[in-house]
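Take a look at the structure below.
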Amino acid sequence: MNGGGARWRRALRLFPVLLEDAALEIREDWRRHLLTFVGLVWGSASVVLLLALGTGFMGFLDLGVEKTGARWTAVEGEYTTAENGGLRPGRPIRLEREDVQRIRAASPRVALAAGEILMATTAESRAKTRATIVSAAHSDLAGIRNHHVARGRYLDERDEAEARRVAVLGAALARVLFPDGRALGESVRIAGSAFRVVGILEEKGFQLMTNMDLHDNMAFVPLSAGQRVAGRGDEIDRVYLEPLRIAETEALERDVWHALGPRHRLVPGDDEALRFDRVPDMIGGIRNVFVALELLLGLVGTLTLALSGVGVANLMVALVNGRRRELAMRRACGARRSDLLLQIVAETLAIVFGGGLAGIVLAVGICFAISALPLPPAVPDPQISSGVLLTTILVLSLVGFGAALGPARIAGRVDPSAALRVS
């Protein structure tokens, strides 16, 4: 045990000196190392760039989820496929505003619930007219779809109860209709009816999921007022539900069936009568694709760097074979076999980490340059994170030690007496 500890302490003392010698050796014979060095620069840069791109895609997904909500389920009426009391299959199921209250009363698992209709219409101010999508919904929609107000307020329960003609505008729509920025309190005509602007939403930018258009381009009004303007009566397009806990999503869907089945005369087991669009499921599938993409990009980068490591190993084998006399003389002068092994490892690591660190610097510069470009909103920037850098350094270490293994074994087998007899 003591002998092993002494060898390790000696190796640690020698290693910095050997690294310095290795750097001098590389500098004196830099032409021979240049091609291998360039390969390492490109290999490590590839690892960083590809991992950064994968991390950027994951961040892009998380941001897209944050903008539109990650917990909700949308319920829509479809068509029956089973006969029920003389009612033929193929009957359309039309949801009603009261269905929202029925679901709330039937399920203790509901955190937020909002009925909604969408209208493709025009919004008109004194300055501009623009085609837009109008969402008429209960006030809970703000919490479900992560609408945050930049100025003014969002819709509330009194707006809904009194069918007030008030509207909240998306950031981009507000800029178009009111170029002077004075939208609050002003009147805007939606589908030919006057609404008073009470709020402006924070800008969301690109969204991963939309309702016919980006939220920035939409207007939001109370459901009751929107139904009157659209002449829809009590009919709604869908119900948004957010459970208290995501794990209760399936149980909440069963509660919806119990709540709406009697009113709409649904047959148990007629799964196509109601459609449930679960955002957690959609996000989970997309996330799995992004994780697979990140792993694939990391694997491609690692293989690129590994190929550079093969070049380093070949170079070091050639160098060791060309320095057999020098190595033999060192052995004859008292150098231990472990000293020669350590010397070759130090030289190999100096080459690998020299090229690798240069590649990391190059990749970071490329990432900053890409981030400065006016990229389309749907194209994520590559993200340099501590995880990306640590992974790259780990791969460099593995490549360095792997490339040193063969040349070090050759150096360790040098026979001093045989080598010294060579003229």
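Each reported figure results from applying straightforward, stated rules to the coordinates on display, with no laboratory input. This is a predicted model, so every value here is computed, not measured. Please note: Cβ atoms are built from the backbone with ideal geometry, for glycine as well, and neighbour counts cover all protein chains shown.
Quick notes
- Only Lys, Arg, Asp and Glu carry charge here, each on its Cβ (+1 for the first two, -1 for the last two); on that basis segment 73-278 has a dipole of about 700 debye about its Cα centre.
- Rough spin-label spacing in nm, given labels placed 7 Å along Cα→Cβ, for Leu307 and Asn288: 3.1
- Extension gain for the segment Arg228 to Glu326, taken as residue separation times 0.36 nm less the Cα-Cα distance, is 25.8 nm to one decimal.
- Secondary-structure-derived ellipticity at 222 nm for the chain, considering helices only, amounts to -19000 deg cm²/dmol, per-run term -39500 (n - 2.57) for DSSP H runs with n ≥ 4.
- Our estimate of slack between Val38 and Arg336, defined as 0.36 nm per intervening residue step minus the Cα-Cα distance, is 104.0 nm.
- Rounded, prolate or oblate (a/c below 1.5 giving rounded, otherwise prolate when a/b exceeds b/c) for segment 49-176 by Cα gyration tensor: oblate
- Fewest-first sequence of Trp72, Trp257 by Cβ atoms within 10 Å of each Cβ: Trp257, Trp72
- Pairs of alpha carbons in the chain separated by more than 32 Å make up 58% of all such pairs.
- Listing His264, His148, His215 from fewest to most neighbouring C-beta atoms within 10 Å gives His148, His264, His215.
- Hull volume per residue, based on the alpha-carbon atoms of segment 160-231 and their convex hull, is 96 Å³.
- Between 0 and 90°, nearest 10: helix 249-264 axis offset from the chain longest Cα axis: 20
- Global form of segment 206-279, assessed from the alpha-carbon gyration tensor, a/c cut-off 1.5: oblate
- Likely footprinting exposure, Leu319, Leu394, Leu201, fewest C-beta neighbours within 10 Å first: Leu394, Leu319, Leu201
- Couplings for segment 50-56, taken from phi via the Karplus curve 6.51 cos²θ - 1.76 cosθ + 1.60 with θ = phi - 60°, read 5, 5, 5, 5, x, 5, x Hz in order; Gly and Pro are left as x.
- With Cα atoms, 0 to 90° folded angle of helix 279-322 axis to the chain main axis: 10
- Segment 217-352: C-alpha gyration tensor shape, a/c 1.5 cut-off, then a/b vs b/c: prolate
- Shown in residue order for segment 346-356 are the 3J(HN,Hα) couplings computed by the Karplus curve 6.51 cos²θ - 1.76 cosθ + 1.60 at θ = phi - 60°: 4, 5, 5, 5, 4, 5, 5, 6, x, x, x Hz (x for Gly and Pro).
- Mean projection of the Cα convex hull over all viewing directions, computed for segment 73-278: 11.7 nm².
- When you restrict to C-alpha pairs under 8 Å that are six or more residues apart and normalise by the size of the chain, the relative contact order lands at 28 percent.
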